[in-house]
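Read the structure below first, then the notes.
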Protein chains: 2
Amino acid sequence: MLVEKQLVRLKSYDMALSPESQLITNERNKTTFNVTELTNILDGGVEKTALRKSIERKFSLDPNMKAIHRGYLNKEQINVQNNRKMMYFFTNLAKRNNWHVDKPHSPEMEFLPRTLANGSGLVIHAGAFVPSIESFGTPEQAAKWLPLAKACQIIGAYAQTELGHGTNLRRLETTATFDPHTQEFIMNTPSISSMKWWPGALGAMATHALVMAQLITRGENHGMQAFMVPVRDMTNHKPLPGITVGSIGPTLSLDSTDNGYLRMDNVRIPKENMLAKYAYVDSKGKFQKIGNDRLMYASMVNLRVVLTKDEAVTYIQMACTIAARYSCVRKQGSLTPGGPEVPIIDYVTQQDKIIPYIALSYALHFNLAFIRSKYVKFLEDVKRGDLSNMAEMHMMTAGMKANATERTSAGVEILRRSCGGHGYAISSGLPYILLRLVASCTYEGENTVLYLQAARYLIKTAAKVSMGQPVDASVMYLTEDAPDRCQAANQMELYDHSILEACFKHRSKQLLLSVATELQSLVADGMKQMEAWNLVSIQLVNAAKAHMEQHIVSTFSAYLRNLNCSNEVREVLDQLCSLNALHQINNFSGDFLKDGYLSSKQLDMARRAEVQLLASLRRNVIGLVDAFDFTDDMLGSCIGSYDGNAYERLYEWAKNSPFNKSDVHEEIYKDLRPHLRQGRDILNKMSKL
Amino acid sequence: MLVEKQLVRLKSYDMALSPESQLITNERNKTTFNVTELTNILDGGVEKTALRKSIERKFSLDPNMKAIHRGYLNKEQINVQNNRKMMYFFTNLAKRNNWHVDKPHSPEMEFLPRTLANGSGLVIHAGAFVPSIESFGTPEQAAKWLPLAKACQIIGAYAQTELGHGTNLRRLETTATFDPHTQEFIMNTPSISSMKWWPGALGAMATHALVMAQLITRGENHGMQAFMVPVRDMTNHKPLPGITVGSIGPTLSLDSTDNGYLRMDNVRIPKENMLAKYAYVDSKGKFQKIGNDRLMYASMVNLRVVLTKDEAVTYIQMACTIAARYSCVRKQGSLTPGGPEVPIIDYVTQQDKIIPYIALSYALHFNLAFIRSKYVKFLEDVKRGDLSNMAEMHMMTAGMKANATERTSAGVEILRRSCGGHGYAISSGLPYILLRLVASCTYEGENTVLYLQAARYLIKTAAKVSMGQPVDASVMYLTEDAPDRCQAANQMELYDHSILEACFKHRSKQLLLSVATELQSLVADGMKQMEAWNLVSIQLVNAAKAHMEQHIVSTFSAYLRNLNCSNEVREVLDQLCSLNALHQINNFSGDFLKDGYLSSKQLDMARRAEVQLLASLRRNVIGLVDAFDFTDDMLGSCIGSYDGNAYERLYEWAKNSPFNKSDVHEEIYKDLRPHLRQGRDILNKMSKL
């Protein structure tokens, strides 16, 4: 009753425009540019914005696609609810709308993932199992399995990683031994470390697993091949004979991806279940390679681009939106003696936690757009049999995935903390964004491993450069002569994109050449190549990072040179491009100072230039995050909603939580009661004294 | 049945010493020093180790104190189970053993928190509510409330933070208005933003709240005072009239701290419920200050020291233990062409993710021991009425809390990722360590705010230095003349602690003086002080960080100068001290290069010196983390156990999880079944073709 009375009071308070709403409206009114114009640029044109919005509307109108209120559920409940939702999506909503969810380059797949933002075993089924059938299977095999998989009439897991083996695929232990007598493969996981571990959709859902295993025939190991292994009975879902399968348990956040384990004990599958696009075993067990299996990698490369866009970039944009809005409505302290409280965005330290990540969000968006278009061209080359750009494409996507996921993960954590205590609460939306995002630093290639792969390409390129051989377009700058001192004479010139680009090119070149030289001299001194590589690997990682950061600065600046837009939009994008570069210069100043490329005085200018840019961009923070155009449902944040009503929403959220469903939490009270009764009696006695 | 068969096989496999166990045993045998000797040093002597171990044994033998398997529980279940456990601890186990859990300086409180490692509303009750009664209450008030609180016969929350107000205490909105007619205070939270938000133990447990509110009497505001407000009925636990109370909902990890909200609508409490150690209202409403309320801050300062030790240092030590052990048993790739797989700790990039954080763990441990002993002396001064060291003590604890929580949070995330996919699984133990730890960057003073408070002291000190006035001991180095170039002539000399100390002193001094100069010149140019402060606040934060890092390097090195130990232990501690310093020099090289203190050549030497130290310390990684002496129960990690059996434990953990309790997960299967039946029919038809 009491609670009800309070509610009534709050309700009437709700009616008025809250102080927080007024604050955000004022901020929004300060925006210097047309937000819709910028949204269209991000989407790739007015029509694309319309397509995106139509998709998003279909989601928001469909009660089956409502966001799940995860905070109070356990892993199983989240799992069940998410799977139900995604089953509906794949077999109903997507089908009804004719969305090509199995085609990574369909127009709708550019926008669907942003709306879904949903880890589910079924997403892994659709995103890994289905395309793998296409990658590894013959046309006949594809014709058999693909329609079933696309209709969710079988559920599949892509089973590669083992409990004891990840990155080093050649050492996977699972075996597929051909038995010519029965024309079958015998599948085995011969040790604990060999059991398949992590595959999504495997824990409780999969009927089939696409198992990567060492192919053994006639006593000889022919390396990794893909095998279609039925794991659960199609009638009752029970594990099939010889199969042990289950969930590996909860993770930091991907509660619904249904990560599982799989042991196989002499499991026999028919010969035709080996996916045979690139390899073939005849009835006598003779092994034969077919075509060029490097083609497989062409599609794997794409996975990195897609996931970096869908996860890293989308998530940092969401986190920026929440933190920027909250920083405009949260008041604390004052900037004049005894003056009124100011929104925390007025503090330079707060601006420094938010605006550089807005800049990074934009920089990565345009960098990915560039890599994507390069990838589309590359795919055409591949179809014509031209694999000459494979190495560059691999370096670029590996380095980009590592750099983008690393920087956005660090950024989201800074953004989360910038919201103080509320950023620690699930109700802010930031915790799940963070926990989901950090996974991307590890999966699809652990970042250090990817950086070192990119470094391998760069070291090879350095050797080519030293021998005067031609190099790929994206590393051409390594061959160019450039001044060995930064040309900026004053602070203004440090906003100039060409000056900033030159800084990053110089840094990358300098780091690469110095580690290349060191590597060479270690080997010349008699050290083995692999040992020397290991010894300088920290520098190799840094060289790869520097190259990627150069690439991001250069592609952003090139994009702006070719962009057709209003002066107002150009101005903020110019500022963001400069800020992204200056922020990294100030954070990694040692790289730029070490060989005297930047002077101490220029570095002071860079620092002031960054603070000045923060001040210039401050009035546009709301416009810049509004342009990402997330709905409140997508953000799932009480403190980051469009209307700015942070406090009211936090209170509504808490009041309506299951934890507060009754006045007294009986389970908790039960343990306290005997002690509190003693307390009551003592207090009663006291009051009678 | 099938599963059982597999279990039997695994069982027999278990019996043999696993490859992973053999690996860790080999590593352990490489240790160059006596691990027990180092453990004793960390504990503070042989007797202290014995005390710690006796406490830990009591926990491990008590079935009521078993760790809670959180992965599969929801917030409510975790909450209920943790509270039950902690209620038992406070009212039974601790009482029985005569552990003085309410005295932060009792011998057992040095070790109890490490064993508890348990967020619960009752811990906040004991750690915040109880000591606040002592801080704010008169002897009579303490005599009334303390025994009840200590016996958990009342449960209390310390209610300060409001939904819209954190750091800026003076702007808290909650009011306590004195009514002379009834000799009562009328408590009110007049707006949504004023409701109390976050207090631990308030959500479902507290019977009382110690409410910080603006005291209003005779129409005048006398600032913040503490009021004892009954919030729930002692007989039935229902909220009292005028009170709205509930849980604010789940957070990143502190699921059991029972964080709550509190609204008060004209709640009347008797006059004697204002805690009146430092302030008094007479029956006519006349307000009067008593004594020196700065004494209150003396105990608050301690809270920062305690929490940094119990949270930041303990957690990074745990994470180091897990990551180091896993890195010694996980094999991947090879360091010779076609050679055998090697444990990943052999990779320099992996060493770089782990060993510097082992060094940091030790550095922070000794830094905290220093600050703790300084604090004990400070408390004695305070008791004698000497508050002269208050400002230095405040700077030191604020800066240390910010720096330690920031660096350990970053470190634990690096350690977590160093374990690849397994580090993302709850079963590794790393996720909860991380999520718990990152909270400490925000509570008890948000880190940026704390750095700026430390900077305020440092800027004042810089002014004193320029005027030749005396300064406190810990900033004395700012007055000393020192060479303006690093004196290291070769790589060996860069291991020298005095050379490294000089680097950090120079860097701190240089950053501080340059921002002090800039601040001064901005003000001289007519800018207002607060505006100028804001404009250079990023540099102020950096100056405060640099000072703290200097302090950590200096106290570690000073500790070693006075340490009596074996040569073998001295050797590794010397190396850790050098590594901690070199790692920061290489990470923040710009600070050391900018004014030419380090030359480019010296920086190259520093980089090589660090890699060389990683190589030297590599053989001792297991010994160094074993010395922290965590039991497997405390770590709660499948991949970090003492015996190294990472894979077997992961599998056991997964198999026994509630999710896998039956072969078929009926709830999940239910949603798949209709589609899978179609798939079965199609497949059946195919096989008949």
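Given the criteria of a type in the set (Lys, Arg), over 27 Å from A:Ser327 (Cα atoms) and within 10 Å of chain A (Cβ to nearest Cβ), does B:Arg232 qualify? Taking the combined requirement at face value, the residue satisfies it. Scanning the range A:285-296 for residues that are open to solvent by 60 Å² or more (accessible area, probe 1.4 Å) and more than 22 Å from A:Ser135 (Cβ to Cβ) turns up just one, A:Lys286. In this structure, is B:Ser283 away from chain A (no Cβ under 14 Å), of a type in the set (S, T, N, Q), in contact with a Pro (Cβ under 9 Å, 6 or more places away or on another chain) and touching a residue at least 40 places away in the same chain (Cβ under 8 Å)? Yes: the conditions hold for B:Ser283. Taking the criterion of being open to solvent by 10 Å² or more (accessible area, probe 1.4 Å) and part of a helix (DSSP H, G or I), the residues of the range A:587-596 that qualify are A:Asn587, A:Ser589, A:Asp591, A:Leu593. Report those strands (runs of 3 or more DSSP E) wholly inside the range A:195-284 carrying at least 1 residues which are of a type outside the set (D, E, K, R) and surrounded by fewer than 24 Cβ atoms within 10 Å (Cβ to Cβ). The qualifying strands (runs of 3 or more DSSP E) are A:208-217, A:220-230, A:243-247, A:267-270, A:279-281. Pairing residues of the range B:73-95 that are more than 30 Å from A:Asn79 (Cβ to Cβ) with residues that are surrounded by 20 or more Cβ atoms within 10 Å (Cβ to Cβ) and of a type in the set (Ser, Thr, Tyr), at Cβ distances under 9 Å and at least 6 apart in sequence or on separate chains, gives B:Met87/B:Ser120; B:Phe89/B:Ser120. Every condition in (1) closer than 23 Å to B:Gly399 by Cβ; (2) within 31 Å of the chain's Cα centre (by Cα); (3) acidic (Asp, Glu) holds for B:Glu480 except the one numbered (2). Please indicate, with yes or no, whether at least one residue in the range A:132-148 is open to solvent by less than 10 Å² (accessible area, probe 1.4 Å), under 21 Å from A:Ser256 (Cβ atoms) and not charged (D, E, K, R). Within the range A:132-148, none of the residues are open to solvent by less than 10 Å² (accessible area, probe 1.4 Å), under 21 Å from A:Ser256 (Cβ atoms) and not charged (D, E, K, R). Taking the condition surrounded by 20 or more Cβ atoms within 10 Å (Cβ to Cβ) and under 30 Å from A:Ile344 (Cβ atoms), does B:Gly119 pass? So B:Gly119 fits the description; yes.
Note on the range A:34-57: residues that are within 21 Å of A:Lys85 (Cβ to Cβ) and buried (at least 16 other Cβ atoms within 10 Å of the Cβ) amount to 3. Under the condition of being over 28 Å from B:Pro343 (Cβ atoms) and of a type outside the set (S, T, N, Q), which residue from the range A:150-175 is surrounded by the fewest Cβ atoms within 10 Å (Cβ to Cβ)? Result: A:Ala151.
If you go through the range A:444-492 and keep only what is within 17 Å of A:Leu512 (Cα to Cα), within 14 Å of chain B (Cβ to nearest Cβ) and outside any helix (DSSP H, G or I), you end up with just A:Asp484.
Against the list (1) in a helix (DSSP H, G or I); (2) within 13 Å of chain A (Cβ to nearest Cβ); (3) under 24 Å from A:Leu676 (Cα atoms), the condition B:Gly71 fails is (3). Do you know which of the residues in the range A:350-406 that are open to solvent by 20 Å² or more (accessible area, probe 1.4 Å) and within 14 Å of chain B (Cβ to nearest Cβ) is farthest from A:Arg619 (Cα to Cα)? Result: A:Glu406. Can you work out which of the residues in the range B:176-190 that are open to solvent by 20 Å² or more (accessible area, probe 1.4 Å) and within 14 Å of chain A (Cβ to nearest Cβ) is farthest from B:Pro230 (Cα to Cα)? That would be B:Pro190. When the range A:333-346 is filtered for residues that are farther than 13 Å from A:Val621 by Cβ and open to solvent by 40 Å² or more (accessible area, probe 1.4 Å), the ones remaining, listed by number, are A:Leu335, A:Thr336, A:Pro337, A:Gly338, A:Pro340. Residues considered: A:Arg372, A:Arg436. Of these, the only one that is more than 15 Å from the chain's Cα centre (by Cα) and of a type in the set (Lys, Arg) is A:Arg372. Working carefully through the options A:Leu560, A:Leu576, find the one that is within 25 Å of the chain's Cα centre (by Cα), crowded, with 22+ Cβ neighbours inside 10 Å and not polar (S, T, N, Q). Answer to the selection: A:Leu576. Scanning the range B:452-476 for residues that are among the charged types (D, E, K, R) and crowded, with 23+ Cβ neighbours inside 10 Å gives no hits.
The single condition among (1) away from every other protein chain (no Cβ under 14 Å); (2) under 28 Å from A:Gln141 (Cβ atoms) that A:Tyr261 does not satisfy is (1).
If I filter the range A:303-322 for residues that are over 29 Å from A:Gly164 (Cβ atoms), open to solvent by less than 10 Å² (accessible area, probe 1.4 Å) and at the interface with chain B (Cβ under 10 Å from one of its Cβ atoms), do I get at least one hit? No - not one qualifying residue is present in the range A:303-322.
Summed over the range B:347-393, the residues that are farther than 19 Å from B:Asp293 by Cα and without any contact (Cβ under 8 Å) to a residue 40 or more places away in the chain give a count of 5.
Exactly one residue out of B:Asp643, B:Asp626 is out of contact with any Ser or Thr (no Cβ under 7 Å at 6 or more places or on another chain), touching a residue at least 60 places away in the same chain (Cβ under 8 Å) and either away from chain A (no Cβ under 13 Å) or open to solvent by less than 20 Å² (accessible area, probe 1.4 Å) (or both): that is B:Asp626. Given the structure, is B:Ser498 in a helix (DSSP H, G or I) and exposed (fewer than 13 other Cβ atoms within 10 Å of the Cβ)? Yes, satisfied. Within the range B:336-351, the residues that satisfy the criterion of being modelled with pLDDT of 95 or more and out of contact with any Lys or Arg (no Cβ under 7 Å at 6 or more places or on another chain) are B:Asp346, B:Tyr347, B:Val348, B:Thr349, B:Gln350. Every condition in (1) open to solvent by 20 Å² or more (accessible area, probe 1.4 Å); (2) within 11 Å of chain B (Cβ to nearest Cβ); (3) not in a helix (DSSP H, G or I) is met by A:Phe90 except one, and the failing one is (3).
B:Val541 falls short on exactly one of the conditions (1) within 14 Å of another protein chain (Cβ to nearest Cβ); (2) of a type in the set (A, V, I, L, M, F, W, C); (3) open to solvent by less than 10 Å² (accessible area, probe 1.4 Å), and that condition is (3).
Residues that are aliphatic (A, V, I, L, M) and either closer than 30 Å to B:Leu387 by Cα or surrounded by 22 or more Cβ atoms within 10 Å (Cβ to Cβ) (or both) occur in the range B:442-451; there is at least one.
The values are calculated or read from the model by the stated rules, or taken from the named source; none is laboratory data. Nothing here was measured: the structure is a model prediction, and the numbers come from that model. Cβ: placed from backbone, ideal geometry, glycine included. Neighbour counts: every protein chain shown. Areas reflect the complete protein model, heavy atoms only, side chains present, ligands, DNA and RNA absent. Shrake-Rupley method; radii C 1.70, N 1.55, O 1.52, S 1.80 Å.
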